[in-house]
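A quick write-up on the structure given underneath.
The values are calculated or read from the model by the stated rules, or taken from the named source; none is laboratory data. It should be emphasised that the depicted structure is a prediction, and the values quoted were computed from it without experimental measurement. No Cβ is skipped: glycine too gets one built from the backbone with ideal geometry, and neighbour counts run over all protein chains shown. SASA here: full protein model, heavy atoms, side chains in, ligands and nucleic acids out. Shrake-Rupley method; radii C 1.70, N 1.55, O 1.52, S 1.80 Å.
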Amino acid sequence: MTEARTDSRTEAAGGPGIGRRRFLGSVAAGVAGVATAAGARELTVGDPAPARAGRAAGRRPHGTRPLFLGTYTSKEGGGTGIGLARYDTTTGRITATGVVTGVPDPSYLALAPSGRTLYAVDEQQEGEVTALALGPDGPPTVLGARSTGGAGPCHLSVHPGGRWLLSANYLSGSVAVHPVDRATGALGPRTDLVTHSAPPPGPGQDGPHAHQIITSPDGRHVLAVDLGNDTVYSYRLDPTAGKLTQVAAASLRPGAGPRHLTFHPTGDFAYLANEVDNTVVVCGYDRRTGRLTPGAPQSTGTGPGTSYPAQILVTANGRYAFLANRGHNSLTRYAVAAGGARLVLLDTVPVGGDFPRHIAFSPDERWLFAANQKSGTVTVFSVTARTGTLTPAGEPFAAPLPVCALPL
């Protein structure tokens, strides 16, 4: 257990660079904050309304809103911590406001349901998760970090009740659970660690590689996507003890390399992006058992070869889905048909950057943000609600190795 890095400060954001997550060498135990950016004091990050609530309500905020950026601190051209910025809700334009240092390799970020706490993975060989308090004045404050019990954590999410933090260790092929203090948002000692020991790894894989862990829309099950085992595991989470019990497992075709999934708003279907075989799959979801039933692989619209699909999103109204293609440097637009049971490929749009690692909607879904790792840029698109059309909004925003964008 680690409780270091409680002194959080900000510094000016760095420049763009190039890097890949697969390399995890020896890194320093922590990064000390050394300066303060005056612009960071403009942040209003303690808004009680979480992102999902804003989407459901169709809220249209005015002025500027916070944007957090994940990066790597141990790689050449990387950042020095979590990037702080604001985006204009009318134009989509991004303005940098500072950096929260003292958080090593914060490659993925998640917001607590309360909107008062930010969580980051520390994607290192000895993985950790860090909690940061969001206040109405000044930058986020690091509350402390806890060990994930594994190597290379690359994804995390907060259980809808706000009581548990879930994380996925990529290099170890395991998933972890940490309790969350209801009053402060700080993390307690890990309550569970589950390694994906079966089935055996898929073609070309050296073992399990947990890439995502999320909760189903109804809150009944926790699903973990494992790229190395070509499997999505379904668990029940004990709400008192914080323990995971496996209840189902869905197998993808060998060599698919499932990376990320997202649910249709009804909760009856999920859409899965397969990184290795360059496909997407519509899965039926049984709420009672937690079991996914994968359908036939579908095209990403990027042509032959592997384009390393990454993040997949679906709109809150359930009409459109979007897929980030890192090798093709594009965003695929799908129409959602048959009540969520089908994806109809409409087109692909150039992302305006290199290697779109992560995409995210603003809370009102007026904007889509793409974090382009290799070009060191974040591109913004306006989203037409009626048609799902994506239109570039201004020039790309420069950021050091952006691998996650979290707009509030």
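Could you check the stretch 230-244 and list, in sequence order, the residues that are open to solvent by less than 80 Å² (accessible area, probe 1.4 Å) and among the hydroxyl-bearing types (Ser, Thr, Tyr)?
Here is the first cut: in the stretch 230-244, the residues open to solvent by less than 80 Å² (accessible area, probe 1.4 Å) are 230-235, 237-238, 241-242, 244.
Those that are open to solvent by less than 80 Å² (accessible area, probe 1.4 Å) and among the hydroxyl-bearing types (Ser, Thr, Tyr): Thr231, Tyr233, Ser234, Tyr235.
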From the options Ala183, Ala176, residue that is within 27 Å of Ala133 (Cβ to Cβ) and out of contact with any strand residue (DSSP E or B) (no Cβ under 9 Å at 6 or more places or on another chain): Ala183
Members of the stretch 135-149 that are open to solvent by 10 Å² or more (accessible area, probe 1.4 Å) and assigned to a loop (DSSP other than H, G, I, E, B): Gly135, Pro136, Asp137, Pro139, Gly149
Residue list for the stretch 87-101, filter: within 14 Å of Pro140 (Cβ to Cβ) and surrounded by fewer than 24 Cβ atoms within 10 Å (Cβ to Cβ): Thr97
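For every residue, the table says whether it meets (1) open to solvent by less than 50 Å² (accessible area, probe 1.4 Å); (2) more than 18 Å from Ala273 (Cα to Cα); (3) out of contact with any His (no Cβ under 9 Å at 6 or more places or on another chain).
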site	(1), (2), (3)
Gly339	no, yes, no
Arg342	no, no, yes
Ser362	yes, yes, yes
Gly376	yes, yes, yes
Thr379	yes, yes, yes
Ala385	no, yes, yes
Pro396	no, yes, yes
Pro400	yes, yes, yes
Which numbered condition His155 fails, given (1) open to solvent by 10 Å² or more (accessible area, probe 1.4 Å); (2) modelled with pLDDT of 95 or more; (3) not β-branched (Val, Ile, Thr): (1)
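Take Gly202 and decide whether it is part of a loop (DSSP other than H, G, I, E, B), open to solvent by less than 20 Å² (accessible area, probe 1.4 Å), in contact (Cβ under 8 Å) with a residue 40 or more places away in the chain and closer than 27 Å to Ala310 by Cα. Spell out how you get there, then give the answer.
Numbers: part of a loop (DSSP other than H, G, I, E, B): yes; open to solvent by less than 20 Å² (accessible area, probe 1.4 Å): yes; in contact (Cβ under 8 Å) with a residue 40 or more places away in the chain: yes; closer than 27 Å to Ala310 by Cα: yes.
The answer is yes for Gly202.
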Failed criterion for Arg182 (all others in (1) open to solvent by 10 Å² or more (accessible area, probe 1.4 Å); (2) part of a strand (DSSP E or B) hold): (2)
Residue tally, condition open to solvent by 50 Å² or more (accessible area, probe 1.4 Å) and either at positive phi or assigned to a strand (DSSP E or B) (or both), over the stretch 299-323: 3
